[in-house]
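Structure record follows, encoded as structure tokens.
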Amino acid sequence: MTEKGDSPVARTVLQQCLQARLQVRPAEGQSDAQFVQIHRGMVIYICFFRGATDDVLPKMVSTLLNLRLCESTSGKMVSVSELPGSLLIVPQATLGGRNKGRAMQYHNNINKEEGLRLYSKFVSLCEKELVAAAAASATSGAEVTVKHGTYGNRQVLQLDTNGPYTHLMDF
């Protein structure tokens with residue numbers, strides 16, 4: 001999605017899923033761990049790089065939600081918007097890593113505060129677009145949800161996929 005020679009400002013990995021469950025808060029003291037869960041749909045792992053601005057978000061959301069990467073019950077490839085399906089958005093700073101010797105470095109990643117702001121706006125735009133697509137379709141009664149992970153925290157993911165059908169996209 002980036003022009004030839006341009007450095008990407010964001011990287012995503014997309015994976016269709018039958019269901020996915022993400023721990024967003026570990027158990028602490030008397031409190032149980034907290035999870036978010038989706039059923040049929042897509043998991044989006046996302047990382048922003050230095051130089052990312054709000055300008056890239058509408059293009060990312062439109063592209064990611066309209067790519068025909070999900071398998072319908074008939075076997076036809078459709079977008080998550082057409083499925084209709086749900087989204088689980090997982091912040092994934094490690095997508096920005098580069099190896100240096102035997103270690104990984106993340107010098108090209110955006111700073112944490114700006115990354116959190118862009119991530120939150122990305123989640124909000126996905127929610128608006130997916131809900132609007134479901135309302136406009138003939139299957140508006142289907143369950144469509146957008147769940148997301150906690151930016152900046154380590155999280156535990158459980159994923160059932162009928163693939164793996166995984167795609168890397170730079171913006």
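Observations on the structure shown:
- Sequence-separation-based contact order of the chain, relative, with Cα cut under 8 Å and 6+ spacing, percent: 35 percent
- In this structure region 40-171 gives 55 Å² per residue of accessible area when probed at 1.4 Å with all protein chains present.
- Gyration tensor (alpha-carbon) shape descriptor, region 1-84, a/c threshold 1.5: oblate
- Inter-site label distance for Ser31 and Thr73 at 7 Å from Cα along Cβ, in nm: 3.9 nm
- Contour excess over end-to-end distance, with Cα ends at Tyr106 and Asp54 and 0.36 nm allotted per residue: 16.6 nm
- Shape category assigned to the chain from the gyration tensor of Cα positions, a/c cut at 1.5: oblate
- Measuring against 22 Å, Cα to Cα, the residue pairs Lys59/Lys128; Lys100/Lys121; Lys121/Lys147; Lys59/Lys147 contain Lys100/Lys121 as the ones spanning a longer distance.
- Annotation: peptides 82-91, 33-42, 112-121, 99-108, ranked by per-residue average of other Cβ atoms within 10 Å with the highest first, follow the order 82-91, 33-42, 112-121, 99-108.
The values are calculated or read from the model by the stated rules, or taken from the named source; none is laboratory data. The structure presented is a predicted model; accordingly, all values stated were derived computationally and were not measured. A quick note on method: Cβ atoms are made from the backbone with ideal geometry, for glycine too, and the neighbour counts reach across all protein chains shown. For the accessible areas, the whole protein counts, side chains as well, though only heavy atoms, and no ligand, DNA or RNA atoms are used. Shrake-Rupley method; radii C 1.70, N 1.55, O 1.52, S 1.80 Å.
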